[in-house]
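Working notes, structure below.
The values are calculated or read from the model by the stated rules, or taken from the named source; none is laboratory data. Because the structure is a prediction, the values reported are computed rather than measured. So basically every Cβ, Gly included, is an ideal-geometry build from the backbone, and we count neighbours across all protein chains shown.
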Amino acid sequence: MSRIAKHLLPDSAATNALGHLEIGGCDLVAIADKYGTPTFVYDEAHLRARCQEAVRAFGRQRVVYATKAFLCGAMARVAHEEGLLLDVATGGELFVALNAGVPGSACVLHGNNKSTDELKMALDAGVQHIVVDNFDELDRLDSLHATGAKGAKRARIQLRITPGVAVHTHEFVSTGQDDSKFGFNLRNGDAQRAVDRVRSSASVEFVGIHCHIGSNVFAAENFAQAAQIMVDFANQLEVEELTLGGGLGVAYIETEHAPTIAQWAESLAGATAKLSKPTKVFVEPGRAIVASAAVTLYRIGSIKHLPGIRTYVAVDGGMSDNPRPVLYDSGYEAFLPARAEADRTEHARVVGKHCESGDVLINDAMLPSGYAVGDVLATPVTGAYGHSMGSNYNKVTRPPVVFVRDGVARVVVRRETFADLVDLDIADSV
């Protein structure tokens, strides 16, 4: 197999005079030496370029970034500066966005089980709107409004609709089918019952409808099908706003190729052109903004050859910084940043350092011959659902996040320390 495919790397990836891979003008081997491993390295220009591409296709304040994919203060500011709204699904995500200086009006609250405290927090922050997921949530909003001061502001809401569209993605991230924990079912009449209720409610301002069909969706026809169903319902209801959600897929391995944001916009255009009245259309591109913007740097710690079976290459991270292979059987590629142009001819199973046989990052990776203990190994397309889903399993400290741009590397999330692991402990009193 040849060198790592360029379409899996961040936009600024290039090979320098030493034969090392650079991102944002920064040598990845030098970054590993300076900041240690594992480390997430993000191409900031790539992040901004994807935001700008989405804004060109849909307009400012019409693209809703899924903070669950990757969130820290620096990322919240990048998305906001580039004209995106931020989708927050918990009080914690909302707090991080607000703490980064993002106004509540640039946030949208999601979630299938929002607590009363989270709803109150969103109302106090003045979020752009709340995507209401179920009847119990409407009860909570009624209660909040009833106990508030006289003339309390009504919550601006969109109703999340389950359109009955099944997509080709992992079952754990498929959300638009009838059998889903999310939203008001369109086919069984729940959606219309919810509409009837909110239209007569004193506690909410019903502004629109929302759908989300799944994450990492590659088939443009799935988006088009859902969009047409939602446009038909929007026309029936004559709503002011419509959100067409569903995470656009990204390529993780060499043989995959995903639609661009522009191509995704084209797949929605046929349906949205049929809206019967001027309607604000919002979209949720999901991981497509951040996934391919980052690589994770590891260092090889041990190599175990089992003749006639396989070779195990163990790195100093694993399921604690990338749980997707364990959760979804997700595929990844690997390469050595110090030999960016080298052909990858050797098969190996890349595993982590955790006490689990299932702690496998890449089941059958291709690496250049001659790799050795101490080499820096990188996995691309780790910008989404790595840092955000990370854990301290085995009390491993979580990696730092480094943004690179124009030859400058800056730490935006520091590496955890052992002291961080005990900061929340309460000492026993005698």
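For residues that are touching a strand residue (DSSP E or B) at 6+ places or on another chain (Cβ under 8 Å) and within 20 Å of residue 373 (Cβ to Cβ), tally how many sit in the stretch 36-46. Going through the stretch 36-46 one residue at a time, the tally reaches 3.
For the stretch 224-280, the set of residues classified as under 30 Å from residue 330 (Cα atoms), modelled with pLDDT of 90 or more, surrounded by fewer than 21 Cβ atoms within 10 Å (Cβ to Cβ) and of a type in the set (Ser, Thr, Tyr) consists of 255 only. Being assigned by TED's automatic domain parsing to the domain that holds residue 36 and closer than 17 Å to residue 9 by Cα is a property that holds for residue 383.
Residue count for the stretch 226-235 satisfying the condition of being in contact with a helix residue (DSSP H, G or I) (Cβ under 9 Å, 6 or more places away or on another chain) and of a type in the set (S, T, N, Q): 1.
Scanning the stretch 313-330 turns up at least one residue that is part of a loop (DSSP other than H, G, I, E, B) and modelled with pLDDT under 95. Within the stretch 412-430, if we keep just the residues that are among the β-branched types (Val, Ile, Thr) and either in a loop (DSSP other than H, G, I, E, B) or touching a Phe, Trp or Tyr at 6+ places or on another chain (Cβ under 7 Å) (or both), the residue that is surrounded by the fewest Cβ atoms within 10 Å (Cβ to Cβ) turns out to be 430. Put simply, of 114, 120 the only residue that is over 21 Å from residue 212 (Cα atoms), more than 18 Å from the chain's Cα centre (by Cα) and touching a residue at least 12 places away in the same chain (Cβ under 8 Å) is 120. Restricting attention to the stretch 169-191, the residues that are crowded, with 17+ Cβ neighbours inside 10 Å and at pLDDT 85 or above add up to 7. Checked against (1) touching a Lys or Arg at 6+ places or on another chain (Cβ under 6 Å); (2) in contact (Cβ under 8 Å) with a residue 60 or more places away in the chain, residue 260 passes all but a single condition, namely (1). Of the residues making up the stretch 219-238, those that are under 17 Å from residue 283 (Cα atoms) and part of a loop (DSSP other than H, G, I, E, B) number 1.
Among the residues making up the stretch 276-293, those that are assigned to a loop (DSSP other than H, G, I, E, B) and touching a Phe, Trp or Tyr at 6+ places or on another chain (Cβ under 9 Å) are 285, 290. Contact annotation: residue pairs with Cβ atoms under 8 Å, 6 or more positions apart or on different chains, pairing a residue in the stretch 302-321 that is among the hydroxyl-bearing types (Ser, Thr, Tyr) with a partner that is assigned to a loop (DSSP other than H, G, I, E, B), are 302/373; 320/352; 320/354; 320/390; 320/391; 320/392; 320/396; 320/398.
Here residue 296 passes the criteria (1) in a helix (DSSP H, G or I); (2) surrounded by 18 or more Cβ atoms within 10 Å (Cβ to Cβ) except the one numbered (1).
Does any residue of the stretch 343-355 turn out to be over 27 Å from residue 14 (Cβ atoms), surrounded by 12 or more Cβ atoms within 10 Å (Cβ to Cβ) and of a type in the set (Gly, Ala, Ser)? Yes, there is a match, as at least one residue in the stretch 343-355 is over 27 Å from residue 14 (Cβ atoms), surrounded by 12 or more Cβ atoms within 10 Å (Cβ to Cβ) and of a type in the set (Gly, Ala, Ser). Among the candidates 194, 166, 155, the residue that is in the same structural domain as residue 70 (by TED's automatic domain parsing), modelled with pLDDT of 95 or more and under 30 Å from residue 216 (Cβ atoms) is uniquely 194. Does residue 127 satisfy the criteria of being buried (at least 23 other Cβ atoms within 10 Å of the Cβ) and without any contact (Cβ under 8 Å) to a residue 40 or more places away in the chain? Against the criterion (buried (at least 23 other Cβ atoms within 10 Å of the Cβ) and without any contact (Cβ under 8 Å) to a residue 40 or more places away in the chain), residue 127 qualifies. If you go through the stretch 25-66 and keep only what is closer than 18 Å to residue 243 by Cβ, part of a helix (DSSP H, G or I) and of a type in the set (Phe, Trp, Tyr), you end up with just 58. So which residues in the stretch 208-223 are surrounded by fewer than 24 Cβ atoms within 10 Å (Cβ to Cβ) and either closer than 20 Å to residue 111 by Cβ or of a type in the set (A, V, I, L, M) (or both)? 208, 219, 220, listed by residue number.
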